[in-house]
Amino acid sequence: MKLFEELLSRGHEQIAFFNDPESGLKGVVAIHNTTLGPALGGCRMWNYKTEEEAIIDVLRLSKGMTYKASIAGLNLGGGKAVIIGDAKKDKTEKLFRSFGRFVEGLGGRYITAEDVGTNIHDMENVKIETNNVTGISKSLGGSGDPSPVTAFGVYMGIKASVKERFNRDSLEGLKISVQGLGHVGTHLVDYLSKDGMQIYVTDIDNKRIDEIVSKYGCTPVDKDEILNQEVDIYAPCALGATVNKNTIPLLNCEIIAGAANNVLENSKSDSESLVKRNILYAPDYVINAGGLINVANELEGYDKEKAFNQAEKIYDTLSGIFKRSKKESITTTQAATLQAEDRIKKIATLKSFYLPYKKTFNLRND
Ligand code: NAD
């Protein structure tokens with residue numbers, strides 16, 4: 001693998017490898033861009049087949065975080081960590097404390113959080129060694145579960161999408177399908193039902209479906225039928241890549257707006273196919289930024305109301321992206337990318353990377 005070529009082509013500032021045979025830690029932190037502030041991004045623990053696979057993953061994910069923070073209006077850069085190992089067997093306090101010490105060694109240029117394969121408990125072990133960690137439990141001064149804020153941001157994004165497509169402010173009477181009734185999906189259904197929507201729900205867990213159907217009077221749909229359910233809006237809140245070249249012809253909706261990460265299997269070609277089918281796509285990392293907004297708030301002393309107020313702005317951000325996409329005849333995915341890059345370019349200087357000792361930062365300009 002030509003590492004420097006990879007860093008150059010993806011625009012990364014730094015990559016750091018951590019090795020601690022005592023704890024079994026083999027970790028990599030990638031810092032993509034710190035123009036806006038310290039790089040924040042979760043720590044993924046995964047049994048990668050090869051080291052190259054781990055490096056590509058951390059480079060790809062950290063770049064995504066730069067865009068997500070920028071578009072959310074946060075003064076944070078993009079970073080990510082991976083720990084190579086089996087999250088079911090290899091986790092120990094020693095391992096995460098060792099990881100915490102390495103994160104501390106980066107001097108504040110990278111702030112970690114939980115991600116696939118890690119949880120709040122692991123982050124609390126990290127916290128013993130460094131303050132550069134976020135997303136910890138309320139009892140330790142953290143913000144706890146970010147899902148309520150994520151769901152609120154998605155709800156605002158759905159409202160912005162409906163305004164764009166149907167030129168109406170109310171969601172009443174519109175049909176929506178929600179795929180996945182987990183942390184975010186459940187809170188989202190609560191908002192949507194209060195607005196009088198007709199809600200179709202599915203999950204792989206029938207118990208979740210039964211609970212939601214009996215509480216909110218939603219219509220249950222088989223998990224394999226949800227994509228071709230005739231609705232105004234499809235809200236993916238389970239897995240990524242549900243929208244791809246095989247499923248796009250099946251879709252029976254006018255809008256895709258949901259919480260899942262990496263909704264499109266192929267960001268470029270799937271966005272273009274959606275345009276051809278006249279389906280409005282709310283880019284995933286824009287509409288689901290509430291989770292990041294929530295953990296970012298923790299860094300300044302968590303204020304729940306402030307986090308919700310910031311997530312509310314997802315409405316305006318998405319409206320701006322839709323406007324740009326129409327004006328420049330580009331996909332909403334391209335418009336979001338340009339919007340995120342513009343903000344970084346506006347403040348970039350020759351030495352724009354973040355030096356922790358040089359400045360304190362406010363998480364948002366407003
Ligand atoms: P979760 O694990 O709590 O819930 C996911 C739900 O989807 C579960 O109930 C699961 O049974 C269901 N599911 C899995 N496969 C399914 C399938 N094939 N069909 C239907 N249902 C299926 O996860 P969550 O925290 O609610 O997050 C949902 C999505 O939103 C994920 O993609 C996550 O990455 C993304 N996201 C979450 C947050 C957050 O704050 N939690 C923030 C940003 C993005």
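The values are calculated or read from the model by the stated rules, or taken from the named source; none is laboratory data. Small disclaimer: the values here were computed from a predicted structure and weren't measured. Note that each Cβ is placed from the backbone with ideal geometry, even for glycine, and that neighbours are counted across all protein chains shown.
Here is a check on your reading of the model: is residue 154 modelled with pLDDT of 95 or more, within 14 Å of the ligand (Cβ to nearest atom) and closer than 24 Å to residue 305 by Cα? It is true that residue 154 is modelled with pLDDT of 95 or more, within 14 Å of the ligand (Cβ to nearest atom) and closer than 24 Å to residue 305 by Cα. The condition (being away from the ligand (no atom under 14 Å from the Cβ), in contact (Cβ under 8 Å) with a residue 40 or more places away in the chain and charged (D, E, K, R)) is satisfied by just one residue among 94, 89, 127: 94.
All of 170, 177 fail the test of being modelled with pLDDT of 95 or more, out of contact with any helix residue (DSSP H, G or I) (no Cβ under 7 Å at 6 or more places or on another chain) and more than 30 Å from residue 31 (Cα to Cα), apart from 170. Among the numbered conditions (1) free of Cβ contacts under 8 Å to residues at least 24 places away in the same chain; (2) in contact with a Gly (Cβ under 6 Å, 6 or more places away or on another chain), the only one that residue 266 does not meet is (2).
Going by the conditions given, is residue 136 touching a helix residue (DSSP H, G or I) at 6+ places or on another chain (Cβ under 6 Å) and assigned to a strand (DSSP E or B)? When the stated conditions are applied, residue 136 does not pass them. Residues in region 215-253 that are part of a strand (DSSP E or B) and not polar (S, T, N, Q) were compared, and the one that is farthest from the ligand (Cβ to nearest atom) is 233.
Within region 182-214, being among the acidic types (Asp, Glu), within 10 Å of the ligand (Cβ to nearest atom) and surrounded by 14 or more Cβ atoms within 10 Å (Cβ to Cβ) holds for one residue alone: 203. Checking each residue in region 148-171 for being closer than 20 Å to residue 213 by Cβ and in contact with an Asp or Glu (Cβ under 7 Å, 6 or more places away or on another chain) picks out only 171. For residue 258, the test of being part of a helix (DSSP H, G or I), out of contact with any His (no Cβ under 9 Å at 6 or more places or on another chain) and crowded, with 20+ Cβ neighbours inside 10 Å is failed. Where helices (runs of 4 or more DSSP H) fall wholly inside region 279-348, the ranges with 1 or more residues that are aromatic (Phe, Trp, Tyr) are 284-287, 304-312, 314-327.
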